[in-house]
1. Cβ contacts < 7 Å: first residue part of a strand (DSSP E or B), restricted to the range 233-250; second residue aliphatic (A, V, I, L, M) and open to solvent by 20 Å² or more (accessible area, probe 1.4 Å), any location; separation 6+ or different chain. Result?
2. Give all pairs with beta carbons closer than 6 Å in which a residue from the range 183-210 that is outside any loop (DSSP other than H, G, I, E, B) meets a residue that is among the aliphatic types (A, V, I, L, M) and open to solvent by 30 Å² or more (accessible area, probe 1.4 Å); count only pairs at least 6 apart in sequence or on separate chains.
3. Tell me yes or no: at least one residue of the range 50-73 is in contact with a Lys or Arg (Cβ under 6 Å, 6 or more places away or on another chain), within 21 Å of Glu114 (Cβ to Cβ) and not small (Gly, Ala, Ser).
4. Looking at the range 1-13, which of its residues are surrounded by 13 or more Cβ atoms within 10 Å (Cβ to Cβ) and at pLDDT 60 or above?
5. Residue by residue through the range 16-28, note down the ones that are among the polar types (S, T, N, Q) and either crowded, with 18+ Cβ neighbours inside 10 Å or over 18 Å from Leu218 (Cα atoms) (or both).
6. Taking the residues in the range 180-194 that are more than 22 Å from Thr286 (Cβ to Cβ) and open to solvent by less than 10 Å² (accessible area, probe 1.4 Å) as candidates, determine which candidate is modelled with the highest pLDDT.
7. Taking the options Arg249, Arg231, Arg278, name whichever one is of a type outside the set (Val, Ile, Thr), within 20 Å of the chain's Cα centre (by Cα) and open to solvent by 60 Å² or more (accessible area, probe 1.4 Å).
Amino acid sequence: MQSTSTEIRNPFAEEVAKGLSAKQKYISSKYFYDDEGSRLFQKIMELPEYYPTRAEMEILTQQPTEIAAALRFRGSFNIIELGAGDGLKTKELLRFLVQQQADFTYIPIDISEEAMVHLRAGLASALPNLKVNPLVGDYFEVLEKPDIEHIPNLFLFLGGNIGNYEKGETLDLLHMLWERMNSGDRLLTGFDLRKNPDLIKKAYDDSQGVTRAFNLNLLHRMNRELGAEFRPETFDFYSYYNPYTGEVRSMLVSKTAQTVYIKELDQAFDFQENELIRTELSKKYTLDEIELLARESGFVSEQHFLDSNRYFTDSLWLKP
């Protein structure tokens with residue numbers, strides 16, 4: 001591998017340099033969601049094998065009364081959604097609150113500007129009386145901006161995204177959120193639950209190859225944005241589920257020994273035949289693990305809202 005002392009300013013480039021220089025190469029799953037990645041994920045959510053979206057949609061469609069009652073907010077409040085995407089599931093909760101004439105502002109945050117444009121247009125049509133203040137960017141960075149006004153806040157982290165982080169990273173994220181929240185604020189977080197391993201395996205390696213394309217888009221994105229010279233056809237996709245740890249691990253596999261130059265970094269990276277690039281972790285939880293995670297991060301777990309199959313839960317936590 002060769003490199004220069006060129007200063008790197010692009011956060012994506014910085015993380016690519018770090019990940020591809022590691023002993024076990026990796027790229028953070030948060031970089032899946034450029035505009036093309038977001039489009040591919042929309043297709044994933046429509047796949048028959050991909051149950052999490054349908055399970056969480058059932059919760060938010062059929063239990064908005066219970067969720068709203070559990071908030072116990074009085075007066076005006078904010079709903080701040082991390083990684084809002086198309087907002088399809090959230091729309092059901094928002095619709096209920098608008099119908100109840102609740103006084104709130106919806107603040108969706110997403111890294112994809114295209115997703116935010118479509119979300120805002122869709123909400124303007126479906127819920128014209130909804131107050132919306134979308135923010136574009138990495139929610140880690142957006143939440144570092146000046147404090148959101150000091151009225152009660154409901155933070156949403158839906159879709160099981162909490163499972164995409166290693167344990168230490170999960171705690172770091174939750175601690176960061178805890179620090180940004182006021183006493184009495186709440187966090188509604190989606191957790192995919194442990195279930196028949198075969199159901200989980202098929203959800204993350206679909207028969208149509210959409211998940212494969214979603215992962216390979218990381219290489220296309222580096223080519224587009226960083227001037228990388230990846231040949232995606234020389235990489236394959238592999239995913240497996242370990243039912244003992246509850247972890248789905250996904251990765252790209254170099255089919256051949258090769259060297260890839262990245263112009264933005266002025267750096268070349270060597271790949272051995274069959275060498276891996278880790279792309280995604282998707283952790284599946286038990287309810288006991290969720291309760292423990294809440295305690296470890298300083299929250300009080302108040303209530304679990306489960307779908308009828310008990311595949312998924314949206315769990316409500318309080319910052320005391």
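The values are calculated or read from the model by the stated rules, or taken from the named source; none is laboratory data. Model, not experiment: these values are computed from the prediction. As a convention, Cβ positions derive from the backbone with ideal geometry for all residues, glycine included, and neighbour counts pool all protein chains shown. Calculation scope for accessible area: heavy atoms of the full protein, side chains included, ligands and nucleic acids excluded. Shrake-Rupley method; radii C 1.70, N 1.55, O 1.52, S 1.80 Å.
1. Listed by first residue and then by second, the contacts come to Phe235/Val253; Asp236/Val253; Tyr238/Val253.
2. Matching pairs, first to second residue: Arg186/Leu318.
3. No, there is no match, as no residue in the range 50-73 is in contact with a Lys or Arg (Cβ under 6 Å, 6 or more places away or on another chain), within 21 Å of Glu114 (Cβ to Cβ) and not small (Gly, Ala, Ser).
4. Asn10, Phe12, Ala13 - these are the residues of the range 1-13 that are surrounded by 13 or more Cβ atoms within 10 Å (Cβ to Cβ) and at pLDDT 60 or above.
5. The answer is Ser28, and nothing else.
6. Of everything passing the filter in the range 180-194, Asp185 is modelled with the highest pLDDT.
7. Result: Arg278 is the single residue among Arg249, Arg231, Arg278 that is of a type outside the set (Val, Ile, Thr), within 20 Å of the chain's Cα centre (by Cα) and open to solvent by 60 Å² or more (accessible area, probe 1.4 Å).
Every residue, every condition in (1) outside any helix (DSSP H, G or I); (2) more than 30 Å from Phe269 (Cβ to Cβ); (3) open to solvent by less than 60 Å² (accessible area, probe 1.4 Å), yes or no:
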| site | (1), (2), (3) |
| --- | --- |
| Lys30 | no, no, yes |
| Lys43 | no, no, no |
| Thr53 | no, yes, yes |
| Glu56 | no, yes, yes |
| Glu66 | no, yes, no |
